[in-house]
2 protein chains.
Amino acid sequence: MVNQAQKSDAAVQIFKALADPIRLAIIQYLNQLDHEVACGEVGRAMHISKTSGSYHFKILQEAGLITVNKVGREKYVQLDRSTFDHYLTHFWQNL
Amino acid sequence: MVNQAQKSDAAVQIFKALADPIRLAIIQYLNQLDHEVACGEVGRAMHISKTSGSYHFKILQEAGLITVNKVGREKYVQLDRSTFDHYLTHFWQNL
DNA sequence: TACATAGTTCAAAGGTTTTTGAACTATTAA
DNA sequence: TTAATAGTTCAAAAACCTTTGAACTATGTA
């Protein structure tokens, strides 16, 4: 079992990942589509550079907010709703 | 009515306010007590300086996560649960 | 093979957030 | 009036986050 400090570290990481307008827009976009999409397609929809996209997807993945599926040279991402449920929807239960 | 950009600005502000270990500990503390507490008392419980406390309470207040009630020379704070409900518990409905 | 495409990595630059201590205001109590 | 207490403000420093472009790896296609 993880201790209190580790629990709040994870929460801080998730809230940091959510605390950015680009990443929130990505989440919104992935939520609407509700299926796997290639990073490149999301990046183009957000009007951001490849490098910036790569940076933001890494932060979302490390926070556990998206899952990643590499197929050929493309990386398909989608929301990991269980993480949102744990830290947002059930915030008070898991605080 | 606010537009989409304003909505996500507010969300970013709330997630930034949550994205800090001290502020998350303050929220945890206020949640357990579940009543007004003076800033000074919270600050002492968190082992932070007056200045640091003042800084963090300001961020929590500006995000709408706490309400403030000044009585004499003391400032009593408590959680504003409606903001947590809106941005966390009902995250998907308000995205 | 050669070329194109998807995505990563790196370091530098710029921007933002947090901590610090000293000086401050406002209120209370002796 | 004097001293103590609660909290704020300020500027400087330190720490941290984000963007940028160039160079890179890996894969797919002609």
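Going down the list A:LYS50/A:LYS75; B:LYS50/B:LYS70; A:LYS16/B:LYS58; A:LYS16/B:LYS70; A:LYS58/B:LYS16, which pairs span over 24 Å between their C-alpha atoms?
With Cα atoms farther than 24 Å apart: A:LYS16/B:LYS70.
How many partner chain Cβ atoms sit within 10 Å of a residue's Cβ in peptide B:79-92, on average, as a whole number? Could you put the intermediate results ahead of the total?
Values: counts 0, 0, 1, 0, 0, 4, 2, 0, 3, 9, 5, 2, 9, 6.
Going residue by residue through B:79-92 and averaging, the value is 3.
Would you mind checking the tilt of helix B:21-33 against the longest principal axis of the Cα atoms of chain B, expressed as 0 to 90 degrees and rounded to 10?
The angle comes out at about 80 degrees.
Using only Cα atoms, find the angle between the long axis of helix A:4-18 and the longest principal axis of chain A, and express it within 0 to 90 degrees, rounded to the nearest 10.
30 degrees
How much length would be gained if the chain were fully extended between B:LYS70 and B:GLN28, taking 0.36 nm per residue of separation minus their Cα-Cα distance, in nm to one decimal?
Full extension of this stretch gives 13.0 nm more.
Got a number for carbon plus sulfur as a percent of segment B:46-95's accessible area, 1.4 Å probe? Present the calculation step by step, with values, prior to reporting the outcome.
On the way: 1480 of 3070 Å².
Reported share for carbon and sulfur atoms: 48 percent.
Distances from A:LEU33 to the same residue in each other copy, label points 7 Å out along Cα→Cβ, in nm, shortest first?
Result, one decimal in nm: 4.6.
Mind checking B:21-31 for the average number of partner chain beta-carbons within 10 Å of each residue's beta-carbon?
That average works out to 3.
The values are calculated or read from the model by the stated rules, or taken from the named source; none is laboratory data. Predicted model, so just to flag it, every value in this text is computed and none were measured. So basically every Cβ, Gly included, is an ideal-geometry build from the backbone, and we count neighbours across all protein chains shown. When the accessible area is computed, the model is the full protein with side chains, heavy atoms only, and any ligands, DNA or RNA have been set aside. Shrake-Rupley method; radii C 1.70, N 1.55, O 1.52, S 1.80 Å.
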